[in-house]
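Shown next, in structure tokens, is the structure this report addresses.
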Amino acid sequence: MIRVNNVIQLLDPAGTIAAAQRTLVDRGTHAKKEYLRLFPSINVNYDLAEGLIARASYSQSVGRPDFNQYSGGVTLPDIENITPASIITVNNASIKAWQAETYMARVEYYFGTVGTLSIGGFIRDYKNFFQSVTSLVTPQFLQTYGLDESEYGLIRVSTQFNDPNPIRQHGFEVEYKQALTFLPNWARGTQIFANVSSQRAKGTDNLQDMNPFNANWGFSVSRPKWNLRLSENYRGIQRRGVFTGASIEGGTYNYRPKRLYADITGEYYLRRTVGLFFAFRNIFGATEDQKTYGANTPSYAKFRQRDDYGGSLWTAGIKGTF
């Protein structure tokens, strides 16, 4: 771009090959990384009693950054179309892969051949975990990359780095399922199941898929000619990423509120190789909401977005094996 009479003019249209040839240098960045290391693991099982088994494990793992981090350089927004969401992105070619150590323990009890009850938990410790930071540009940043303060001085800059502090993730799970063989003959083939789990993380906002409380339960009936299954899934409130911006108070986050899904599925066999099936998904029409708030956000201003897929989804058809 050039400046004529204090007006910026593009030499070539943005997004064209000609514009890229003027702004990018072919093979101008060189970065070399390797992850040649050992990842030991161990698994131990021990029979405490008949039908009672204890399990424990230890493992090491690694997480590689996105490939584009190694390309280096800066991605600038279109200054002709600046919005509050405009961000300068700086890739970090020196970022390291994170490493983790995981400890797991589990106890399982088998009710003969008709059911199981298990309780387990894990702890995962991260080193050099990826952290994202977004802030307003500084004069030093503008000088380093030769950017005009009048054009980019009010735009935020985003980059990633390795967190020097350790991060711990932990969770547990309780699972139960059992075939109800003691029921009368007309109710044979009935099985109940339930599962409760929790995942939490300390020291980071980047582990966004944590579920502080999640539960599943239901029952199924299997007979020679047909089967039926009812299941429900409850997800508690889930904190997502931090929400930043001009005039946004610290400690403001995106949240997924609690929600309950219920599904019914079934099959009926006309003959051994041909059958009918149906599936009613989300029969109560639960929506997927998003809220954004901090400590001082009023209740009427917390709601941000709702995904409504028009209620439940019904599917039916015929299937066969030929």
N81 vs. criteria farther than 30 Å from I123 by Cβ and at pLDDT 75 or above
yes
Yes/no for F161 being surrounded by 14 or more Cβ atoms within 10 Å (Cβ to Cβ), more than 24 Å from the chain's Cα centre (by Cα) and at pLDDT below 90
no
Could you check segment 109-126 and list, in sequence order, the residues that are within 30 Å of Q69 (Cβ to Cβ) and either outside the structural domain of H170 (by TED's automatic domain parsing) or free of Cβ contacts under 8 Å to residues at least 40 places away in the same chain (or both)?
none
Only one of (1) in contact (Cβ under 8 Å) with a residue 40 or more places away in the chain; (2) of a type in the set (A, V, I, L, M, F, W, C); (3) more than 17 Å from S220 (Cβ to Cβ) fails for F277. Which number is that?
(3)
For A56, the lone unmet condition from (1) surrounded by 14 or more Cβ atoms within 10 Å (Cβ to Cβ); (2) part of a loop (DSSP other than H, G, I, E, B) is (2)
Just checking, how many residues over segment 119-156 are in contact with a Pro (Cβ under 8 Å, 6 or more places away or on another chain), among the charged types (D, E, K, R) and in a strand (DSSP E or B)?
2
If you check L230 against the conditions, is it surrounded by 12 or more Cβ atoms within 10 Å (Cβ to Cβ) and assigned to a strand (DSSP E or B)?
yes
For segment 134-152, which residues satisfy the criterion of being out of contact with any helix residue (DSSP H, G or I) (no Cβ under 7 Å at 6 or more places or on another chain) and either among the small types (G, A, S) or surrounded by 13 or more Cβ atoms within 10 Å (Cβ to Cβ) (or both)?
T134, S135, F141, Y145, G146, L147, S150
Pair list, Cβ under 6 Å, 6 or more apart: segment 86-108 residue touching a residue at least 24 places away in the same chain (Cβ under 8 Å), other residue among the hydroxyl-bearing types (S, T, Y) and part of a loop (DSSP other than H, G, I, E, B):
A97/Y35
Can you tell me how many residues in segment 272-286 are at pLDDT 90 or above and surrounded by fewer than 14 Cβ atoms within 10 Å (Cβ to Cβ)?
3
Residue that is more than 30 Å from D148 (Cβ to Cβ), loosely packed, with under 12 Cβ neighbours inside 10 Å and of a type in the set (S, T, Y), where the choices are T113, T83, T102
T113
Pull up segment 198-213, narrow it to residues that are in a strand (DSSP E or B) and out of contact with any Phe, Trp or Tyr (no Cβ under 7 Å at 6 or more places or on another chain), then point me to the one that is surrounded by the fewest Cβ atoms within 10 Å (Cβ to Cβ).
K202
What's the number of the only condition in (1) crowded, with 16+ Cβ neighbours inside 10 Å; (2) part of a loop (DSSP other than H, G, I, E, B); (3) at pLDDT below 80 that P65 fails to meet?
(3)
In segment 254-271, which residue that is closer than 22 Å to K225 by Cβ and either among the charged types (D, E, K, R) or touching a Cys at 6+ places or on another chain (Cβ under 8 Å) (or both) is surrounded by the fewest Cβ atoms within 10 Å (Cβ to Cβ)?
R271
Need the failing condition index for V221 against (1) more than 30 Å from the chain's Cα centre (by Cα); (2) exposed (fewer than 13 other Cβ atoms within 10 Å of the Cβ); (3) aliphatic (A, V, I, L, M), just the number.
(2)
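The values are calculated or read from the model by the stated rules, or taken from the named source; none is laboratory data. On a predicted model such as this, the values are computed, not experimentally measured, just so you know. When we count neighbours, we look across all protein chains shown, and the Cβ atoms used for this are built from the backbone with ideal geometry, even at glycine.
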